[in-house]
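Shown next, in structure tokens, is the structure this report addresses.
A short reminder: the numbers here are calculations on the coordinates, not readings from a lab. In this text, all values refer to a predicted model and were calculated from it rather than measured experimentally. Cβ atoms come from the backbone with ideal geometry, glycine included; neighbour counts cover every protein chain shown.
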Amino acid sequence: MVTVIDGKALARKMRGEIAEGVARLKAKTGITPRLVVVLVGDDPASIVYVRNKEKGAAELGMSSETRRLPSSIKQDSLIEIIKELNSDGLVHGILVQLPLPKGISENEVVAAISPEKDVDGLHPLNMGKLLRGEEPLHLPCTAQGVIELLLSTGIELKGKEAVVVGRSNIVGKPVALLLLQKHATVTICHSRTRDLGGVIKRGDIIVAAVGSPGLIHGDMIKQGAAIVDVGTNRVGEKLVGDVDFESARERAGFITPVPGGVGPMTITMLLQNTLRAAELLSSK
Ligand code: NDP
């Protein structure tokens, strides 16, 4: 019997705890955690994501602002703005919405963010610490959300075969590293993987982060596996994952839906990181 993991419910519970943390910090120090999202250009999906982040922050009593910049901005000017935000004592979290327009190096821009304020967890120092098994100041939000969803099921991760499909810096790699930290045996698949179905079949835990609707079918899944579907694909009017939900639920033990699985957790983790950034900076 499959259990559908309710990402919305988990996000609601965690947001309640974050709101309490925000209120405690305000009462103790007078500080309101403040998030600045930098949005370059007018990519419609990015505009929606950024609006949801701002709304989420406001709901938990945080302050937030979106800096909208034209796609014609030069990399140096963007980095200058980030440096100003780094030195602004009233700003605790900085997030540069990706992707950036062509001609701007995402790596250089993300590296310009102060690691303490890097609430997306993508700064090389934070990613490097994750790789070394040290505790980063902030973890990448979606990856952290995936782990929280798995932990919420109560299943033991230690010693399990985990298969992560996708190797992006934003999702696949950090998910794999976090699973490794939890002592899972991790295999990472990508577009050049031979026999994807055969590798996925070994997984007690499967994390799909590809961007290919319905790539993973029920017949590729081991009976009882826990599946977290990060994929967010628009097919006509519908939002679907990388996993074919109907066939997968016949074999899985646990599965996240799309929408309502990973999506609400990503923003929740961003808000948790923003609170953490404000706590870190207020204790200095
Ligand atoms: P990327 O495009 O950066 O990475 C996709 C990965 O999938 C790559 O590593 C690629 O391999 C791999 N891949 C592509 N085709 C195949 C294939 N046929 N078989 C196996 N692997 C394949 O995407 P992201 O990591 O940024 O995002 C992945 C998905 O997650 C997207 O649908 C995105 O919208 C969604 N997403 C959802 C979030 C949420 O909050 N719900 C947050 C972030 C992302 P290679 O490296 O070889 O090219």
Point-charge dipole on Cβ atoms (K/R +1, D/E -1) for the range 19-68, about Cα centre, debye to 20: 240
Pairs of alpha-carbon atoms within less than 8 angstrom and 6+ residues apart define the contacts here; what relative contact order does the range 38-81 have, in percent? 51
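Would you mind ranking LYS102, LYS74, LYS182 by Cβ crowding within 10 Å, fewest neighbours first?
If I rank by nearby Cβ atoms, fewest first, I get LYS102, LYS74, LYS182.
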May I ask for the Kirkwood hydrodynamic radius of the range 82-180, worked out over all distinct Cα pairs and given in angstroms to one decimal? 14.6
What shape does the range 1-144 have by the C-alpha gyration tensor, where a ≥ b ≥ c are the square roots of the eigenvalues, rounded means a/c under 1.5, and otherwise prolate means a/b greater than b/c and oblate the rest? rounded
Taking the Cβ-Cβ separation of ASP219 and GLU17 as r and a Förster radius of 41 Å, what is the calculated FRET efficiency to the nearest 0.05? 0.55
Which GluC sites (Glu not before Pro) does the range 130-214 hold that lie in a coil by DSSP with at most 13 other beta carbons within 10 Å? GLU134, GLU156
Overall Cα dimensions of the chain - principal axes, largest extent first, Å: 53, 43, 40
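For a quick protection proxy, order the peptides 29-42, 5-18 by their average other-Cβ count within 10 Å, most packed first.
Ranking, from highest mean packing down: 29-42, 5-18.
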For THR32 and LEU239, extending 7 Å from Cα along the Cα-Cβ vector and measuring point to point gives, in nm, a value of 2.8
Which lysines, if any, have their Cα less than 22 Å from the Cα of LYS28, not counting same-chain residues under 8 positions apart? LYS117, LYS284
What relative contact order, as a whole-number percentage, does the range 1-160 give when Cα pairs under 8 Å and 6 or more residues apart are counted? 20
The chain: DSSP helices with Cα axial extent of at least 24 Å and average Kyte-Doolittle hydropathy no lower than -1.0: 7-29, 262-282
Label-point separation, ASN107 to LEU131 (7 Å along Cα→Cβ), nm: 1.0
